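Okay, structure first, notes after.
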Amino acid sequence: LWPASRRASSLLESLRSSEANNILLISHWGIFTLLLFQFLGQNTPDELAKGAIERSAPMANGAVSSLVMEHPKYGDCVLTWNACEPLEGLLDGPLCW
């Protein structure tokens with residue numbers, strides 16, 4: 001695995017074993033793309049490098065994404081991805097660009 005893929009995998013394992021109800025992560029969209037792929041069981045960049053179709057999940061600076069682990073009805077799911085609207089008005093001007 002690429003070093004970043006290993007970090008994302010390790011982070012996902014840590015999140016799954018945590019007893020916390022809510023966890024805030026702050027990072028660049030590249031690591032979140034890796035985390036999202038592994039969270040949803042999709043192709044990782046290592047698999048993409050071996051010939052799978054290339055994909056990414058970019059995020060704007062300051063955007064918010066919410067992942068729900070083990071939802072009682074839906075299992076693992078993406079609640080929001082790249083949402084900027086809730087952050088508008090917290091500072092002068094938009095946070096997402």
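The values are calculated or read from the model by the stated rules, or taken from the named source; none is laboratory data. Quick caveat: nothing in here was measured; it's all calculated off a predicted structure. Accessible surface areas use protein heavy atoms only, side chains included; no ligands, DNA or RNA. Shrake-Rupley method; radii C 1.70, N 1.55, O 1.52, S 1.80 Å.
At the residue level, residue 2 shows approximately 130 square angstrom of accessible surface with a 1.4 angstrom probe and all protein chains present.
For residue 23, the accessible surface of its heavy atoms amounts to roughly 90 Å² (probe 1.4 Å, protein chains only, rounded to the nearest 10). The accessible-area ordering, largest first, of the residues 79, 40, 15 stands as 79, 40, 15, per a 1.4 angstrom probe.
Leaving ligands and nucleic acids out of the surface, order 71, 28 by accessible area at 1.4 Å, largest first.
On the way: 71 65, 28 150 Å².
So, going from the largest accessible area down, we get 28, 71.
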